[in-house]
Amino acid sequence: MRSVVTGSLAYDYIMNFPGDFKDHILEEKAHTLTVSFLLDSLRWSRGGVAGNIAYSLALLGERPLVFATVGGDFEEYREWMESKGIDASGIVEIEDDFTASAFINTDQANNQIVAFYPGAMAQAKELSIEELGLSSDDLVIISPTDPEAMTGYAEECRSLGVPFLFDPGKQTPQLEGEQILAGLEGASVFIGNDYELGMMSRKTGKSEEELIASAPLTVVTRGDEG
């Protein structure tokens, strides 16, 4: 069985603000917000949902194929992935753009202000699962990336008879109800956390119980409740 991981590949810039955001934001001036936070730490890391999933699978002894789009600044990340046992041959480079980047600022109360630049990830919808020559013995993992790409991959998997896992994750707010239902149709596995499940319920008009029952195997994570 081949495991194909679709989703985002990104660089993460993780910053820590030692105070509270709320102490520096004037509610009555929020419509003309101009604020600067002095940080006490900055950490750069290789990220993206597809990268994280593929790395975890490699740790379990698998050699997953990553299928995604990246920018012209990706070469070091590609070499690192290959060194960890990940098949990066399905990664397409868009030379005139940057790899997706997330800028995450967290205060001491664990509130976050996040800016995300999709960059080359926006071209993921141009890729086609069909070119991979998959069969019913393989598995495609559909994780957060360009929304059109996510629904397109699901449609292709259904057409080809390839089992797939649908994990909308942090793209849930950007997905329309119809796109969520399209991703769930025919999915072998459905994954989400309790907040995402509630949001999907509101967007689709389906109850959480109906969403959970939409796939043969559904995993819902609930923080410290398991």
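Could you work out the local net charge near ILE129, counting Lys and Arg as +1, Asp and Glu as -1, over the other residues with Cβ closer than 11 Å to its Cβ?
My count for the surroundings of ILE129 gives -4.
Quick check: convex hull of the Cα atoms in the chain, volume per residue, rounded to a whole Å³?
Numbers: hull volume 35.3 nm³, N = 226.
In the chain, the Cα hull volume divided by residue count equals 156 Å³.
Report the gain in length on full extension from ARG222 to THR34: 0.36 nm times residue separation, minus Cα-Cα distance, nm rounded to one decimal.
Here the answer is 64.1 nm.
What share of the DSSP beta bridges in the chain is antiparallel, in percent to the nearest 5?
30
Which residue fluctuates the most in the chain, going by a Gaussian network model with Cα springs under 10 Å, if the choices are VAL66, VAL114, VAL140?
VAL114
Tell me which aspartates and glutamates have Cα within less than 12 Å of LYS29's Cα, excluding those fewer than 8 residues away on the same chain?
Within the straight-line cut-off, LYS29 pairs with nothing.
Can you tell me the Rg and Dmax of segment 156-226, counting just the alpha carbons, in angstroms?
Cα only, segment 156-226: 11.7, 39 Å (Rg, Dmax).
Give me, ordered by chain and number, the residues 5 or more places off ILE91 or on other chains with an amide H under 5 Å from its own placed amide H.
Result for ILE91 returns ALA68.
Quick one: divide the alpha-carbon radius of gyration of segment 44-105 by 2.2 N^0.38 Å and tell me what you get.
Here the answer is 1.09, to two decimals.
Normalise the Cα radius of gyration of segment 1-69 by 2.2 N^0.38 Å (N = residues in it) and let me know the number. Don't skip to the end; give the middle numbers.
Working: Rg = 18.9 Å, N = 69, 2.2 N^0.38 = 11.0 Å.
Compactness ratio reported: 1.72.
Run the Debye formula on the Cα coordinates of segment 63-180, all scatterers equal and no solvent, and tell me log10 I(q)/I(0) at q = 0.11, 0.13 1/Å.
Log-scaled intensity ratios, in q order: -0.42, -0.59.
About the Cα centre of segment 61-140, what is the dipole size in debye to 20, counting +1 per Lys and Arg Cβ and -1 per Asp and Glu Cβ, all else neutral?
340
When the chain is treated as a GNM, springs tying every alpha-carbon pair under 10 Å, which of PHE116, PHE67, PHE166 comes out with the largest mean-square fluctuation?
Fluctuation is largest for PHE116.
In nm, to one decimal, how far is the modelled label at LEU60 from the one at GLU178, with both set 7 Å along Cα→Cβ?
Label-label distance for LEU60 and GLU178, simple model: 3.5 nm.
Rule-based calculations on the coordinates, nothing more; no lab input. Since we're looking at a predicted model, the values are computed, not measured. Virtual Cβ from ideal backbone geometry, glycine too; neighbours counted across all protein chains shown.
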